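Computed from the coordinates by the stated procedures, all read-outs in this text should not be read as laboratory data. For clarity, every value in this text was computed on a predicted model and none was experimentally measured. Neighbour counts run over all protein chains shown; Cβ positions are idealised from the backbone, glycine included.
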2 protein chains.
Amino acid sequence: MDRLDRKIIAELRRNGRATYAELGRIVGLSASSVHERVGKLEAAGVITGYHAMVDPRTVGLGVTALVGIQPTDTASDEDVADALAELPEVESCYGVAGEEAFVVKVRVPTVDELEHTLGRLRRIDGVARTHTTVVLSTRFEGRPNNTGLDLPEDTGRGGVAS
Amino acid sequence: MDRLDRKIIAELRRNGRATYAELGRIVGLSASSVHERVGKLEAAGVITGYHAMVDPRTVGLGVTALVGIQPTDTASDEDVADALAELPEVESCYGVAGEEAFVVKVRVPTVDELEHTLGRLRRIDGVARTHTTVVLSTRFEGRPNNTGLDLPEDTGRGGVAS
DNA sequence: CGTGAAAAGAACCTGAC
DNA sequence: GTCAGGTTCTTTTCACG
């Protein structure tokens, strides 16, 4: 994981369909070298996939909400997380510190559907209460800005071997 | 935006590097047709881009937090949002209903850096208070599950023409 | 809209340094 | 690790249904 790998990663985060030739031009390497490096980054679990980003509003998902999930005293976090994963409306799920066990991001077509989804969430075994924050505007989301590119070097923690 | 487009979108969300030939096989169309459809979906703003997903821990961003931003009475939301956008640690930014004006997702290498970033957030003009929820585990994030594929048809709201 | 054909380019493998 | 070359597949354009 050197400077070149980080440059490749940054570019692929920006443009996930960049060709190896294109990446090679950017980092000053041949397409085959880039091909091999990217393959290693994928194998090492650094790059976990490539995905098209879709404007949710254009596919009928105009309502977004952040929902905190308070567990019952006897709840198993794993079971609750599994149940949350069952709902396709739940796009992201974070286990968090604090009163709540999870914060999830939910996307639905309408506030009507949001109400139904919240009902479904509350009915999950192990869920005591939910606290919903309705998203009014998405200023930006999942920016590829901070890829550790601008980090001093390595701070000692959390590396995966290459 | 017919059933075929939705199938293409779903597949590109799953695999952003799928070839047109591959997509054609899935939807039962020629590569050129798929090529044209994808071009239209991009032009219409349905597909907004393609991005590599990177495991944040492998690039030195092991700490994630959700931060609610309470504005001062006299704050301009736009100015605060602009200031938030300046910080590369802020990956996502949502304007929300409730006590807080924004909820942002922050990624940093360490809790030390989190402290610094929170300081920077509080020093933004128009920010009165922050409320931080530390993410302990990311169960899943940005799942391509709900692309409106499973929606009955169209519920009337929020469409962009094709 | 859809297609199939054809040129250009990329992916991907191999061999060599 | 990196590269160049060669085969295969994809992209991209275009004339045509």
If each part is reduced to its alpha-carbon centroid, the range A:43-92 and the range B:19-41 end up apart, in Å, by 28 Å
Taking Lys and Arg as +1 and Asp and Glu as -1, residues besides A:THR130 with C-beta under 11 Å from its C-beta add up to +3
Regarding the range A:1-83, what's the average projected area of the Cα-atom convex hull, expressed in nm²?
8.8 nm²
Rel. contact order, % - alpha carbon contacts under 8 angstrom, at least six apart, chain A:
26 percent
As a check on your reading of the symmetry: which chain A residue has its Cβ nearest the axis that brings A onto B, and how far is it in Å?
A:GLY16, 2
Straight-line reach check, B:LYS7, cutoff 19 Å on alpha carbons, 8 or more apart in-chain or any other chain, hits among aspartates and glutamates -> A:ASP55, A:GLU89, A:GLU91, B:GLU22, B:GLU36, B:GLU42, B:ASP150, B:GLU153, B:ASP154
Dipole of chain A, positive direction: furthest Cα of A:VAL46, A:PRO144, A:ALA75, with charges on the beta-carbon
A:PRO144
Chain A: radius of gyration and largest Cα-Cα distance (Dmax), Å
20.0, 57
Fewest-first ordering of A:ARG120, A:ARG129 by Cβ atoms within 10 Å yields A:ARG129, A:ARG120
State the percent of C-alpha pairs, over all pairs in the range B:56-135, separated by a distance greater than 19 angstrom.
29 percent
So if I place +1 on the C-beta of Lys and Arg and -1 on the C-beta of Asp and Glu, and nothing else carries charge, what would the dipole magnitude of the range B:1-80 be about its Cα centre? I want it in debye, nearest 20.
700 debye
Radius 9 Å from Cβ of A:GLY68, net charge of other residues (Lys, Arg +1; Asp, Glu -1)
-1
Sticking with the crude label model, points 7 Å out along Cα→Cβ, report the distance from B:ALA85 to A:GLU22 in nm, one decimal please.
2.3 nm
Once you have the Cα-Cα distance between B:ASP2 and B:SER33, take 0.36 nm times their residue separation minus that, and quote the gain in nm to one decimal.
9.8 nm
Charges at C-beta only: +1 for Lys and Arg, -1 for Asp and Glu. How large is the resulting dipole of chain B about its Cα centre, in Debye rounded to 20?
780 debye
About its Cα centre, what dipole magnitude does the protein assembly as shown give when the only charges are +1 on Lys and Arg Cβ and -1 on Asp and Glu Cβ, stated in debye to the nearest 20?
980 debye
Under the convention of a label 7 Å out along Cα→Cβ, give the distances in nm from B:SER76 to the same position in every other copy, shortest first.
5.4
Once the principal axes of the Cα atoms of the range A:3-43 are found, what is the range along each, listed largest first in whole angstroms?
21, 20, 19
proj_area_mean for the protein assembly as shown (convex hull on C-alpha atoms), units nm², value 17.8 nm²
Considering only the label points, 7 Å along Cα→Cβ from Cα, what distances in nm to one decimal separate B:HIS116 from the same position in each other copy, shortest first?
4.8
Counted charge near A:ALA31, where neighbours are those whose Cβ lies closer than 13 Å (Asp, Glu -1; Lys, Arg +1):
0
Sorted from shortest, what are the nm distances separating the label point of A:GLY39 from equivalent points in the other copies, each placed 7 Å from Cα along Cα to C-beta?
3.2
